[in-house]
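Below is one structure, written out as structure tokens; the observations come after it.
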Amino acid sequence: MSDIGLRKVSAIFSWSSVLSLLLASLTMVAAATQARCQEIGVSDNEVVLGMWTPLTGSTSLLGTSERDAIQIGIDEINAAGGINGRKLRLVVYDDAGSPQEAQASVRRLLSQDRVFGLIAGSTSGSTLPVLPLIGREKVPFLASISSNRNLLVPPRDNVFRVFSNEIAHADRLLEYTVKKFGVKQPALIYTSNDYGIGGEEAVREWLGKSNIALKASERFNQGDQDFSAQLLRIAQSGADALYVWAFAAEAGVITRQAKDLGLKVPLFGGAGTATPLFPKAAGQSGEGFIAVTFAPFLADDSTNAEIVKYRSALRSKYPGGLPPGRPSEYDFAGYAAIKIFAEGLSRAGRSLTRAKFIEALETLNDFRTGVMFPVTYSKASHEGTAAATMIRINAGLAWEVAQ
């Protein structure tokens, strides 16, 4: 071959090499750009969810119920192929019901684990303090534990609630009991945390609108076991009914001590009392206790297909026997939460962003999970429902729907 031919061949190979390098570089730039543009917590094959909740301490029933339910729901979703080509992964931290631990857990979820969104949350006292942080980061948060009104007051673009709030609970409980029992001089005992304070405010508001005054209002600290001083003052007040705004185990002890002290008025409870732990703590003194719950079904006797399926999955998770108080209504709140979250992800599409997910949730109208009341969200309201159910402890010391 002549020198001219060799130079032509060499030139062709040189240009081919340049083009190959150029194409490779463009491919790398495109991949890097796509990686940079990918939403936090989202990869080609995974979406990461975060959760902080009480797994230990006096309110651990709430957190363990929701953690198990959400993980069971995720396992079912992933087994069916995921959502829009992506599997879900849950990262969970125990805040033990402590606001300080909640702050640390949420910071870790956002900065270290870099989750796409948050689910469930914690008790009101460990949820409300972290809302500013969640809001600044514009992280979607689907709450299924806190019923405090201030979760969504003022309205928050990134926060949604799965079940009814404390105002709806107080309204339903008081409308039912005042009418049925002719209550005219009620008393209230409540826990000093955000859950109890929010309940006390809601009860006072309803009574004020009905021109009914509280005869006595007593508070206690979470973890207290002796309520005799508060109960004696309530007995001396001449109250004709006692409303208890506390978590179930404490409410059970309050009920038992009230009966031991000879208090002969009917006792009623907020939604925090309505778990299987109440009758365990109250014993025979709990018979006749009436409470409001955010769940439409009872955990232990419903023939609802979705609840039957969930109970079976929970038993498989604990082959040695279910933990005390399980399943609880918080199992179903968590199970509903992951179904709602999944529906939002599905509607948001493959090109997933936090903003698209929030917009997708706002399109849910009468969305049914099969285990909780249907939810409806819009740009104007992220309160999913105002529905609640009245239940009572029967002679067998089990919850039943109150007629």
* Candidate set from the stretch 69-106 (those that are over 18 Å from the mean Cα position of the chain (by Cα) and farther than 22 Å from S43 by Cβ); member that is surrounded by the fewest Cβ atoms within 10 Å (Cβ to Cβ) -> Q100
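Would you mind finding the one in E218, E201 that is in contact with a Phe, Trp or Tyr (Cβ under 9 Å, 6 or more places away or on another chain), at pLDDT 95 or above and either within 30 Å of P99 (Cα to Cα) or part of a loop (DSSP other than H, G, I, E, B) (or both)? Full working, then the answer.
Working: E201 fails: in contact with a Phe, Trp or Tyr (Cβ under 9 Å, 6 or more places away or on another chain).
It is E218.
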* Structure fact -> Checked Q284, Q230, Q257, Q225 against criteria (without any contact (Cβ under 8 Å) to a residue 40 or more places away in the chain and not in a loop (DSSP other than H, G, I, E, B)); the one match is Q257
* Asked: Is it true that some residue in the stretch 184-193 is at pLDDT 95 or above, outside any helix (DSSP H, G or I) and basic (K, R)?
  -> yes
* Sole exception among (1) hydrophobic (A, V, I, L, M, F, W, C); (2) free of Cβ contacts under 8 Å to residues at least 60 places away in the same chain; (3) touching a Pro at 6+ places or on another chain (Cβ under 8 Å); (4) under 22 Å from G73 (Cβ atoms) for L109, by number -> (3)
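Is it fair to say A80 is touching a Ser or Thr at 6+ places or on another chain (Cβ under 6 Å) and of a type in the set (G, A, S)?
For A80, the condition - touching a Ser or Thr at 6+ places or on another chain (Cβ under 6 Å) and of a type in the set (G, A, S) - is not met.
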* If you check Y176 against the conditions, is it out of contact with any helix residue (DSSP H, G or I) (no Cβ under 7 Å at 6 or more places or on another chain), modelled with pLDDT of 95 or more and of a type in the set (F, W, Y)? -> yes
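Table: residues versus (1) assigned to a helix (DSSP H, G or I); (2) without any contact (Cβ under 8 Å) to a residue 40 or more places away in the chain; (3) assigned by TED's automatic domain parsing to the domain that holds P140.
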| site | (1), (2), (3) |
| --- | --- |
| D331 | yes, no, yes |
| F341 | yes, no, yes |
| N365 | no, yes, yes |
| M372 | no, no, yes |
* Asked: So which of L267, L261, L242 is more than 27 Å from A120 (Cβ to Cβ), surrounded by 15 or more Cβ atoms within 10 Å (Cβ to Cβ), more than 27 Å from the chain's Cα centre (by Cα) and of a type in the set (A, V, I, L, M, F, W, C)?
  -> L242
* Asked: Just one of R350, R392, R315 is part of a helix (DSSP H, G or I) and not hydrophobic (A, V, I, L, M, F, W, C); which is it?
  -> R315
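The values are calculated or read from the model by the stated rules, or taken from the named source; none is laboratory data. The model shown is predicted, which means the values in this text are computed figures rather than measured ones. Neighbour counts run over all protein chains shown; Cβ positions are idealised from the backbone, glycine included.
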